[in-house]
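Enquirer: Mind having a look at this structure? Questions to follow.
The values are calculated or read from the model by the stated rules, or taken from the named source; none is laboratory data. Fair warning: this is a prediction, and the values are worked out from it, not measured in the lab. Note that each Cβ is placed from the backbone with ideal geometry, even for glycine, and that neighbours are counted across all protein chains shown. All accessible areas refer to the heavy atoms of the entire protein, side chains included, with ligands and DNA or RNA removed. Shrake-Rupley method; radii C 1.70, N 1.55, O 1.52, S 1.80 Å.
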Amino acid sequence: MVEPKFAERTVINHKSYLKQGHVVTSPAINITYSDVMTEDGSVIGYDYLVIATSHNDLFPKTRQEKLSHYQAEYEKIKSSGSVLIVGGGPSGVELAAEIAVDFPEKKVTLVHKGPRLLEFVGKKAADKSFDWLESKKLEVILNQSVDLSSASDGNKTYWTSGGETIHADCHFLCVGKPLSSHWFNGTVLKDSLDGKGRVMVDEYLQIRGRSNVFAIGDITNIQEMKQGYIAESHANVVVKNIKVMMSSGKKKMSTYKPGSEMAIVSLGRKDSVAQFLFMTVIGCLPGLIKSKDLFVGKTRKSRGIISVE
């Protein structure tokens, strides 16, 4: 959104690396003991099924539509003198930092309803991020929400729950999206959800009571940070276990155990705040790990994709 050309490397067609695969771009609407049905009428049989639906995402589906969406968001930022960001999680903080670094002349306000930023990490990392944002002249308002409907065409004044007014030419909503699991209630997996809509899995990442159905990523009920590198660890375990189940041998199934939690939040082009097991650091050193290309190069290389589509 801040550097549209970078999006060309980040948006990857599944067909670019799934050479033997078949990609169906239609929402799944039902699951039986042997098939998955999609909204476009497809019926896809399975011997093994992996649920990786994460959160509801209303973004465009095709690569070109996504690139156009990012370009439009960039133009919105570029043409605005002031920007409001709602949500102080990793997405909101990273977007605010990118705008503050690339467009230092713009007035950026970040509003978060919680008592501190980045509530998924420790207080030290959150405080360091807060101080970094303020050092860039970015205004951070905590413990308040924003009535986005209070602003209308020609009137760019937003009201907060604390009675404050914020003037902004545009806004970005960076709050957590609900899990994409409500549709399970009409399927054979209806009893596999916990009270928060998460899929209950065992140590093999199998959905409880279904030996050939697995779940990975944010959708699972595993008590741990919900991050991309963790979802990839889930995937590695599931791949091993499906291979074991497909083979005629009696190899032992792999178990998944949450490891030491690590989090890196990018702050502009060069800096990051990183929370490791025994320490929290901020600046260009952790920035070297993530901020330069946000792990895009690593991701493309792991999938055997060198050139941009």
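Enquirer: Any residue at all in region 230-248 that's in a loop (DSSP other than H, G, I, E, B), open to solvent by less than 80 Å² (accessible area, probe 1.4 Å), in contact (Cβ under 8 Å) with a residue 12 or more places away in the chain and not aliphatic (A, V, I, L, M)?
Expert: no
Enquirer: Among the residues in region 255-268, are any without any contact (Cβ under 8 Å) to a residue 60 or more places away in the chain, loosely packed, with under 15 Cβ neighbours inside 10 Å and more than 23 Å from residue 90 (Cβ to Cβ)?
Expert: Taking every residue of region 255-268 in turn, at least one turns out to be without any contact (Cβ under 8 Å) to a residue 60 or more places away in the chain, loosely packed, with under 15 Cβ neighbours inside 10 Å and more than 23 Å from residue 90 (Cβ to Cβ).
Enquirer: List the residue pairs whose Cβ atoms are under 7 Å apart, where the first residue sits in region 205-217 and is of a type in the set (Lys, Arg), the second is assigned to a loop (DSSP other than H, G, I, E, B) and buried (at least 18 other Cβ atoms within 10 Å of the Cβ), and the two are 6 or more positions apart or on different chains.
Expert: Matching pairs, first to second residue: 208/192.
Enquirer: Restricting the first residue to region 84-105 and requiring it to be over 17 Å from residue 161 (Cβ atoms), which pairs with a second residue that is modelled with pLDDT under 95 and assigned to a helix (DSSP H, G or I) meet a Cβ separation below 7 Å and a spacing of at least six or different chains?
Expert: Between residues of region 84-105 that are over 17 Å from residue 161 (Cβ atoms) and residues that are modelled with pLDDT under 95 and assigned to a helix (DSSP H, G or I), there is no close pair.
Enquirer: Then there is this: Where residues in region 10-24 are in a helix (DSSP H, G or I) and either within 15 Å of residue 68 (Cα to Cα) or without any contact (Cβ under 8 Å) to a residue 40 or more places away in the chain (or both), which of them is farthest from the chain's Cα centre (by Cα)?
Expert: 15
Enquirer: Let me ask another. Among what's in region 71-95 and is assigned to a helix (DSSP H, G or I) and over 30 Å from residue 197 (Cα atoms), pick the residue that is most open to solvent (accessible area, probe 1.4 Å).
Expert: So the residue we want is 78.
Enquirer: Going by what's in this entry, would residue 282 be described as closer than 30 Å to residue 49 by Cα, more than 19 Å from the chain's Cα centre (by Cα) and of a type in the set (A, V, I, L, M)?
Expert: Spelling it out, it is not the case that residue 282 is closer than 30 Å to residue 49 by Cα, more than 19 Å from the chain's Cα centre (by Cα) and of a type in the set (A, V, I, L, M).
Enquirer: What is the one condition in (1) part of a strand (DSSP E or B); (2) more than 22 Å from residue 175 (Cβ to Cβ) that residue 68 does not satisfy?
Expert: Status for residue 68: all satisfied but (1).
Enquirer: Just give me the residues in region 185-204 being in contact (Cβ under 8 Å) with a residue 12 or more places away in the chain and within 30 Å of residue 118 (Cβ to Cβ), in sequence order.
Expert: 193, 194, 196, 197, 198, 199, 200, 201, 203
Enquirer: Is it the case that region 100-119 has a residue that's under 16 Å from residue 271 (Cβ atoms), surrounded by fewer than 13 Cβ atoms within 10 Å (Cβ to Cβ) and modelled with pLDDT of 95 or more?
Expert: Yes, that holds for at least one residue.
Enquirer: Now for a different question. If I go through region 271-298 residue by residue, how many of them are under 26 Å from residue 258 (Cβ atoms), in contact (Cβ under 8 Å) with a residue 60 or more places away in the chain and outside any loop (DSSP other than H, G, I, E, B)?
Expert: 6
Enquirer: Quickly run through region 120-141 and pick out the residues that are in a loop (DSSP other than H, G, I, E, B) and open to solvent by 30 Å² or more (accessible area, probe 1.4 Å).
Expert: Across region 120-141, the qualifying residues are 120, 136, 137.
Enquirer: Mind counting the residues in region 163-182 that are closer than 22 Å to residue 29 by Cβ and either touching a His at 6+ places or on another chain (Cβ under 7 Å) or surrounded by 16 or more Cβ atoms within 10 Å (Cβ to Cβ) (or both)?
Expert: Residues that pass the stated criteria total 5.
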